[in-house]
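The values are calculated or read from the model by the stated rules, or taken from the named source; none is laboratory data. Here the structure is a predicted model, which means the values were calculated and not measured. Here the Cβ positions follow ideal geometry from the backbone for every residue, glycine too, while neighbour counts run over all protein chains shown.
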Amino acid sequence: MLTSGTSTLKGRTDEVVMEPNETYWNPARKPKVRIVYDNAIDKAEAIRSVAAGDGRVDVVFDVVPDVAHAFRSDRAKIQAKRSKSVLTGVFNENKPNSPWVKPELRRALNLALDRERILKDGAHGYGEIMPVFIQQGRYGSDPALRPFAHDVGTAAHLVEEGGLKGQKVVIVASPTYGRVVDEIIKDLHEIGLQGKAVITREEPPEDWDVKLEWYFDWSPQYPVGVVHREFFGKGGILRHAPEDAGFDRLYEKLLRTVQQPAQEEVVREVERYCHDQAKALFLYSPNTLFAVSDRVGFTAYDTCMSELAETVVKD
């Protein structure tokens, strides 16, 4: 029951209050507490409040890895949840004379990456390494797929054969992933490439090579990740690559396959195609991080955005 604030996107107030719904259909799960969403408090201040246990703030959403790693408190903790998102490097195949139209060179960059080290040093280990776009265990994931091996020798050979040795590779990312880019560049140096980081929230320079993008994995609601359509399918809004006839054939096959389990198998075909063609620089699925006061029992919800759906206030 919304008692103040707004339930639309037309405006924003400092505070939104939700009162318990006394007529909720399931008595066993009837809400018992009022929830206040504070839209004005600075996130850093909110995290300090949780850590101090002063009772003003009990849960802070979307804590970044550096802050989570530095968090110290005897009255609160950082909780990590397997997220429904993927961090991937998009190749710029559309720039003039782009080398990334060649699958073997896209594969070289994937083989160059020491993903375990990148995740540990770039994001303090808060994530799950991905072989493709859909997380293992979710609808459409292929249990046989594995992340690209870290194979410096093969990667360096492919780079030299492709005439790229010594060339500059421009990697673009937001400030959130600046440390990740630094770790990727270390691996590019190992195979004879000169990495250059562009850390910005603005439009990247036209000559960028790889851009780190963060997208939801919509696979439980829509049988092939929206990232596939945006990167490779007809009418995709990102269009960093030319049209891909092989992907389009699989996508059309998916649209014509409506029965299970055949539909899920086509989704797996799409995933295998993206892996085999090294359609992206596959990285990891970032954990969703929360700062949580010991005053509450917090369970992050997996299937919707109502993160407080299973949260209880301790006696």
**Message:** Can you say whether residue 251 is at pLDDT below 80, outside the structural domain of residue 53 (by TED's automatic domain parsing) and either acidic (Asp, Glu) or touching a His at 6+ places or on another chain (Cβ under 8 Å) (or both), as far as the supplied structure shows?
**Reply:** yes
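Of all residues in the range 244-270, count the ones that are in contact with an Asp or Glu (Cβ under 6 Å, 6 or more places away or on another chain) and in contact (Cβ under 8 Å) with a residue 40 or more places away in the chain.
Of the residues in that region, 1 qualify.
Select from the range 168-193 the residues that are charged (D, E, K, R) and within 18 Å of residue 125 (Cα to Cα) and write down the one among them that is surrounded by the most Cβ atoms within 10 Å (Cβ to Cβ).
As a first pass, look at the range 168-193 and keep what is charged (D, E, K, R): 168, 179, 182-183, 186-187, 190.
After this cut, where a residue has to be within 18 Å of residue 125 (Cα to Cα) as well, the list is 179, 182-183, 186-187.
Details: 179: 18, 182: 17, 183: 18, 186: 17, 187: 21.
Among those residues, the one meeting the criterion is 187.
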**Request:** Report, by residue number, each residue of the range 160-174 that is at pLDDT 95 or above and either under 28 Å from residue 128 (Cβ atoms) or outside the structural domain of residue 126 (by TED's automatic domain parsing) (or both).
**Result:** 169, 170, 171, 172, 173
**Request:** Answer with yes or no whether residue 264 is surrounded by 13 or more Cβ atoms within 10 Å (Cβ to Cβ), modelled with pLDDT of 80 or more and not in a strand (DSSP E or B).
**Result:** yes
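Rundown of residues vs (1) outside the structural domain of residue 34 (by TED's automatic domain parsing); (2) touching a Phe, Trp or Tyr at 6+ places or on another chain (Cβ under 7 Å); (3) within 21 Å of residue 274 (Cα to Cα), yes/no style:
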{"residue": "54", "(1), (2), (3)": "no, no, no"}
{"residue": "119", "(1), (2), (3)": "yes, yes, no"}
{"residue": "125", "(1), (2), (3)": "yes, no, no"}
{"residue": "138", "(1), (2), (3)": "yes, no, yes"}
{"residue": "143", "(1), (2), (3)": "yes, no, yes"}
{"residue": "148", "(1), (2), (3)": "yes, yes, yes"}
**Message:** modelled with pLDDT under 85, of a type outside the set (D, E, K, R) and either assigned by TED's automatic domain parsing to the domain that holds residue 137 or outside any loop (DSSP other than H, G, I, E, B) (or both): which single residue out of 306, 219 fits that description?
**Reply:** 219
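Tally up the residues in the range 127-136 that are over 17 Å from residue 272 (Cβ atoms) and in contact with an Asp or Glu (Cβ under 9 Å, 6 or more places away or on another chain), please.
So in the range 127-136, the residues over 17 Å from residue 272 (Cβ atoms) come out as 127-129.
Next, from what is left, pick out any that are in contact with an Asp or Glu (Cβ under 9 Å, 6 or more places away or on another chain): 129.
Of the residues in that region, 1 qualify.
Please go through the range 141-175 and pick out each residue that is small (Gly, Ala, Ser) and over 18 Å from the mean Cα position of the chain (by Cα).
So the first thing to find is which residues in the range 141-175 are small (Gly, Ala, Ser), and the list is 141, 144, 149, 153, 155-156, 162-163, 166, 173-174.
Result: 144, 149, 153, 155, 156, 162, 163, 166.
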**Message:** Filter the range 267-303 down to the residues that are farther than 24 Å from residue 140 by Cα and either modelled with pLDDT under 90 or among the small types (Gly, Ala, Ser) (or both) and list them by number.
**Reply:** 291, 293, 296, 297, 298, 299
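Does residue 24 fit the bill of being part of a loop (DSSP other than H, G, I, E, B), surrounded by 12 or more Cβ atoms within 10 Å (Cβ to Cβ), modelled with pLDDT under 90 and outside the structural domain of residue 124 (by TED's automatic domain parsing)? Spell out how you get there, then give the answer.
Values: part of a loop (DSSP other than H, G, I, E, B): yes; surrounded by 12 or more Cβ atoms within 10 Å (Cβ to Cβ): yes; modelled with pLDDT under 90: yes; outside the structural domain of residue 124 (by TED's automatic domain parsing): yes.
It is true that residue 24 is part of a loop (DSSP other than H, G, I, E, B), surrounded by 12 or more Cβ atoms within 10 Å (Cβ to Cβ), modelled with pLDDT under 90 and outside the structural domain of residue 124 (by TED's automatic domain parsing).
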**Request:** Select from the range 194-210 the residues that are crowded, with 18+ Cβ neighbours inside 10 Å and in contact (Cβ under 8 Å) with a residue 40 or more places away in the chain and list them in ascending order.
**Result:** 208, 209, 210
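Within the range 69-84, does at least one residue satisfy the condition of being under 25 Å from residue 207 (Cα atoms) and over 16 Å from the mean Cα position of the chain (by Cα)? So that I can check it myself, show each step before the final result.
As a first pass, look at the range 69-84 and keep what is under 25 Å from residue 207 (Cα atoms): none.
No, that holds for no residue.
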